[in-house]
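First the structure, in the form of structure tokens, and then the observations on it.
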Amino acid sequence: ELLKAQSLLIPRVRGTDVVGLHGDVFVMPNESIGSTGYSYVPPENDINLGASISLGGRGWSPELPGLLSELHRVDVITPILGWVAAAPLRSIVPKFPVLGVTGGSGYGKTTLLEVILSSFGFWTSQPTTLTGATPHGLQSYVGATNSIPIWIDEYRPGARIEAKAALDQIIRDSWDGSATI
């Protein structure tokens with residue numbers, strides 16, 4: 001009844017509970033970029049995405065990807081840069097692979113990804129860690145976006161067995177374009 005009473009005053013837009021690219025609009029929890037017509041509506045199992053991810057970062061510098069490729073081995077940094085650059089378009093292709101960055105403890109993987117993601121304008125307060133996640137939390141987090149890179153840290157033997165199994169399934173589903181993700 002309240003909606004009926006106020007429907008003349010409420011703008012009509014399409015709602016989505018998935019942030020990212022929808023048509024010609026990047027829908028974010030707290031903002032939209034592009035033409036109007038979409039609005040973010042938090043899902044029932046809201047993971048407070050607005051507090052952990054947004055566009056803006058530390059500011060875009062066109063020189064930064066080139067500088068990063070000079071600081072790191074080209075065969076290591078180029079696939080990471082290419083993947084992050086292509087990630088916003090993943091909703092328009094049927095299959096999009098995950099990016100796995102591996103190495104020993106203390107090698108700088110977390111710092112590297114933080115710098116790269118923020119240099120492309122993707123700000124995350126901190127990555128979700130596999131050691132502190134539940135299967136439901138992982139599914140909610142990964143399913144919350146169709147184009148903003150999702151970063152899960154600490155894939156290691158000490159992670160929760162059920163969370164690791166859930167992430168393994170998410171990776172398989174994203175590889176073969178499964179309908180579950």
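The values are calculated or read from the model by the stated rules, or taken from the named source; none is laboratory data. Worth saying up front: this structure is predicted, and the values here are computed from it rather than measured. Positions of Cβ are generated from backbone atoms using ideal geometry, with glycine treated the same way; all protein chains shown enter the neighbour counts. These accessible areas exclude ligands, DNA and RNA; they are computed on the full protein's heavy atoms, side chains included. Shrake-Rupley method; radii C 1.70, N 1.55, O 1.52, S 1.80 Å.
Tabulated data
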read-out	value
Residue ranges of strands (runs of 3 or more DSSP E) in the stretch 35-136 with at least 3 members in contact with a helix residue (DSSP H, G or I) (Cβ under 9 Å, 6 or more places away or on another chain) and modelled with pLDDT under 80	122-124
Tally of residues being modelled with pLDDT of 75 or more, more than 14 Å from Val41 (Cβ to Cβ) and part of a loop (DSSP other than H, G, I, E, B) across the stretch 1-25	2
Top-ranked residue of the stretch 131-152 - restricted to ones that are touching a Lys or Arg at 6+ places or on another chain (Cβ under 8 Å) and under 26 Å from Gly106 (Cβ atoms), ranked as surrounded by the fewest Cβ atoms within 10 Å (Cβ to Cβ)	Thr131
Out of Pro97, Pro43, Pro62, sole residue that is within 23 Å of Asp173 (Cβ to Cβ) and either touching a Leu at 6+ places or on another chain (Cβ under 8 Å) or open to solvent by 40 Å² or more (accessible area, probe 1.4 Å) (or both)	Pro97
